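Written out below as structure tokens is the structure these notes cover.
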Amino acid sequence: MSRTMLCIKSLPFLLLPTFLLISSTFLSSSHGASEIHLQPNLHLRGIIEDGEFDVLSWETRRSILDRNSSEFSDNKSMILAAKITHRRDPLDNFKYYKGGWNISEEHYFYSVAYTAAPLFLIAVIWFIGYAVALLTICIRHCCCQLKHHGYSQTTYVLCLAFLIFFTVAEIIGCIVLYTGQEKFHSSSTSTLKFVVHQADNTVDNLTVVSENLSAAQGAGVDQFSLPSSVQNSISKVNNMINSSASTLRDATDDNSNKIQKALDSVRVILIILAAVMLLLAFLGFLLSIFGLQTWVYPLAVIGWILATTALILCCLFLILHNVVGDTCVAMDEWVQNPTAHTALDDILPCVDKATAQQILSESKQVTFQLVTVVNSFITTVSNINPPKNLPPNLPPEAKLLYYNQSGPPVPVLCNPFNSDMIDRKCAAGEVDSSNASQVWSKYICQVSENGNCTTTGRLTPKFYNQMTYAVNVSYALYHYGPFLVGLVDCTFVRETFSSISEHHCPGLNRYSGWVFIGFVMVSVAVMVSLIFWVFYARERRQRLGTKQFINLSTQESIK
């Protein structure tokens, strides 16, 4: 139970590529459980077409089937993404971190956070430096009698050129930031939907498995049915699956809603920031061009705060960008060694082989027993020729064996397994479960009111329906074999991680990089623009003052 709850609680980490990048989570290859007609006379759910079983949700299957599993004991531990995570760790006296990707290790997060230290240092220096500069300017204006230094044409032109250049750069940065966040939101939402879809598919398919197992308990032909020991085992497995599937469904819905809200919130924040920065660029440029120095200084204070905020957000996105990159590399390396002990075990532990094998064996056992039930009826009842003159004193049990059956014998059903549960091929004369109902329909007889055949045939409609029902349940369980095999050898997790790495990681890395670049462009452009706003406004005032002084001097000389 504790292992299951661990997996349930760690569901947010299942969405790691999405969740970490947004604070930064399976798609077109996903197929849900379907309802199809196995045989003409019975409608069952849960048949998985060839090639589909490998895209069902993995984390859920492990959380449900790993309830009683123990830790691996025959595999060596493996460090994931060792090269890319080889960074300085400020928590360990700035020694290089060697633990690889591990979201539960604080040294890993400190080493990743340290990559943003230069940007954070720039943000601190900028915040303090610009504050000191603004304070100095205010003191000089308020307390000192400033002299007029004249007007420099070169300084004026350079200030104007730099102001135009960095204003354009800020506009481009806002465009990159807005475009990046739109692409990033789309990519992260797609990843989230993929993961949630996989989880939902798994819950649906596990429900189908449970339904088929329950159906197997009620399957039987005449007095032939599953042994009580097999029925008890089915009840235990059903209770485990139903309880865990219900818990996981609730946890999936809750966590997916929270993460989607977080994604939407990040999107709104980035859109607002991009819009404010763009407005700031236009206002600062216009106020400087018109020389409204009185308004430039308050705007410079606002820009100072926004630039600092942009730098801090830039640090956060750099950290998250690196974490996502590490995660994708870790998934790639795990795919090459799916059974090794890794940090991914905390999120997606492969089911213990013994536990998964036990579930697989139970499924095979039920399939084998259902076929045995059908064949027992065929060989001991339907294919027996009743004596011409039945003794009048036959016991009731014996009378059930004779219902006036006649005609050619009914072919037995092919059992896909031997008694030791090893796969076997169909022998000559056996009918395959895929077309058994069609073949057996030729042996149905018409019956009288007391249930005896009145025409040639060896199967009454009642027996035929019971046999068909048992065959369809067996057929459904047999086709879930690959599903369980995938749990034993971690095939499903490997293919799921490959899908994430191939289809989702490139977009997450690329567009988070766009957001980071947009933040850098906006931050640097605003920082430099703030300086040139003040300088250009001052130069423009001095230029106007110089022109007025020249005009006054000219008028006085004329007089």
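The values are calculated or read from the model by the stated rules, or taken from the named source; none is laboratory data. Nothing here was measured: the structure is a model prediction, and the numbers come from that model. Virtual Cβ from ideal backbone geometry, glycine too; neighbours counted across all protein chains shown. Please note that ligands, DNA and RNA were not included when accessible areas were found on the heavy atoms of the full protein model with its side chains. Shrake-Rupley method; radii C 1.70, N 1.55, O 1.52, S 1.80 Å.
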Fill in: Gyration tensor (Cα) of region 218-340, equivalent ellipsoid semi-axes in angstrom
63, 19, 10
Discussion item. In Å², and per residue, what accessible area does region 72-231 have when probed at 1.4 Å with the other protein chains present?
Written reply: 54
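If we sort 269-281, 193-205 on the protection proxy, mean other Cβ atoms within 10 Å, highest first, what's the order? Let's see the in-between values first.
Values: 269-281: 17.8, 193-205: 23.8.
Packing proxy ranking, top to bottom: 193-205, 269-281.
Say the cut-off is 25 Å between C-alpha atoms; which of 442/462; 236/462; 183/258 go over it? Mind showing how you got there, number by number?
Values: 442/462 14 Å; 236/462 30 Å; 183/258 20 Å.
Checking Cα-Cα distances, 236/462 exceed 25 Å.
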Discussion item. Among 424-431, 440-447, how do they line up by average Cβ neighbours within 10 Å per residue, starting with the highest?
Written reply: 440-447, 424-431
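Full extension from residue 427 to residue 154: what is 0.36 nm times the residue separation minus their Cα-Cα distance, to one decimal in nm?
Taking 0.36 nm per residue and subtracting the Cα distance, the gain is 88.4 nm.
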Response to the item:
Given a 1.4 Å probe, the accessible area of region 413-478 per residue, as a whole number of Å², is 49
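Where does region 90-208 land on the Kirkwood hydrodynamic radius, alpha-carbon pairs, in angstrom?
Numbers: mean 1/r = 0.0473 Å⁻¹.
Across region 90-208, the inverse of the average 1/r is 21.1 Å.
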Discussion item. Quick check on packing: order 228-239, 254-265 by the mean number of other C-beta atoms within 10 Å, highest mean leading.
Written reply: 254-265, 228-239
